[in-house]
Amino acid sequence: MATEQSIMAVIRAARPQFRTGFDKAAFAVHAAFVAAGYVLHATGPAAFIDGALSISSKDEVGMDNWNDVEDNYAFVYSNPEKGSKKVLVKCLVMNDKLLVDVLKEGSSEPLHLELDAGEYVQEDAGTNYGSHFKNLGKLVENVNREVLNKLDSAPASSSSAKSSSTEASLREERDRLRIGPDTQEDSYGPPHPGYIVPPIPGSGSSDLFPGPGAGMYPSRDGFGGGSMLVGPNDPRFFGGPTREPFPGGLPGVPPGARFDPYGPPNVPGFEPGRFIRNSRRPGGGLHPDLEHFHNGSDFI
């Protein structure tokens, strides 16, 4: 942090030539940076070029040509103790004020300070540099508070911080919009975030209304009551008290079914009555997959 004494020591050591009171105010700002540990890499016209913060040289330069541009001043610094990020300082004269803008390398938001030059400098002060300034302590306080302290506490790259914040928001939004299970309660969740694995249908589709294939979404339900992989006691063999007969056909034979139980006309063994469903057999016996029908020799 700069102090009034350290700033005056820098001014006396540099012995600058002042043309106007704004020169004095701008040099005092420069002296505050030097007193705070900053190293000067460019000044004057060399600091006004586009991409001044991209100067690769780490050499320290003198104050030659620092006030060659009338009513404008520019300096490029770095602080080896603060990560050596470049800092661009530009001062612009507007009416009776010196407007100071400071931009740190990697940042998109400059710091700003306004100084009333007449409050801090004196004209025709002779050769004693101490007499060229007044209220120097207040000037140092303003520079420390509005610029130097904020440079030390600000992140190295506000744009990087914004980018990280944006990426975090996108990740949060993406996770919120993910569809499908992603917990241990469902072991068939999507293998990749954002992808939906269609369910594999089990029973629930009849021969008349077949279910969809694996990987397809069901388009209907409530038809048929199940697939054809059933045991001999499955209720679909016997119907039920609430089952409505199929119109225009024999009981249990739906029109348009995928099987044709009728053979050529008048051929023995293919009479329609032989394919009508019988009543449910009584319970008991072996496992349905091992048990045979006991009544009749031509059950399918």
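The values are calculated or read from the model by the stated rules, or taken from the named source; none is laboratory data. Not measured: the values here are computed from a predicted model. Neighbour counts are summed over all protein chains in view; Cβ atoms, including those assigned to glycine, are modelled from backbone coordinates with ideal geometry. All accessible areas refer to the heavy atoms of the entire protein, side chains included, with ligands and DNA or RNA removed. Shrake-Rupley method; radii C 1.70, N 1.55, O 1.52, S 1.80 Å.
For the reader, a short list of remarks on this structure follows.
- With θ taken as phi - 60° and the Karplus curve 6.51 cos²θ - 1.76 cosθ + 1.60 applied, the whole-hertz 3J(HN,Hα) list for the stretch 31-42 is 4, 5, 5, 4, 5, 8, x, 7, 10, 7, 10, 7 Hz, x standing for glycine and proline.
- S78 exposes around 10 Å² of accessible area when a 1.4 Å probe is run over every protein chain in place.
- Shape category assigned to the stretch 67-138 from the gyration tensor of Cα positions, a/c cut at 1.5: prolate
- Here the 3J(HN,Hα) profile of the stretch 139-149, calculated from phi with Karplus coefficients 6.51, -1.76 and 1.60 at θ = phi - 60°, is 4, 4, 4, 5, 5, 4, 5, 8, 10, 5, 5 Hz, Gly and Pro shown as x.
- Local electrostatic count, A31, Cβ distance below 14 Å [Lys/Arg +1, Asp/Glu -1]: +1
- Portion, in percent, of the accessible area of the stretch 87-148 that falls on carbon or sulfur, probe 1.4 Å: 47 percent
- Cβ-derived FRET efficiency at R0 41 Å, A168 paired with Q5, nearest 0.05: 0.35
- The relative contact order of the stretch 1-139, computed from alpha carbon pairs under 8 Å that lie at least 6 residues apart in sequence, is 21 percent.
- Only protein heavy atoms count here; under a 1.4 Å probe, D64 has an accessible surface of about 120 Å².
- T20-D64 FRET efficiency (beta carbon distance; Förster radius 22 Å; 0.05 resolution): 0.75
- Computed label-point distance, nm, for sites A13 and N95 using a 7 Å Cα→Cβ extension: 3.7 nm
- Taking a Cβ cut-off of under 15 Å around N67, the surrounding Lys, Arg, Asp and Glu residues balance to a net charge of -1, with basic ones at +1 and acidic ones at -1.
- By average C-beta atoms within 10 angstrom, highest first, the peptides 116-127, 2-13: 2-13, 116-127
- Neighbourhood net charge (14 Å Cβ-Cβ; Lys/Arg +1, Asp/Glu -1) for R12: +1
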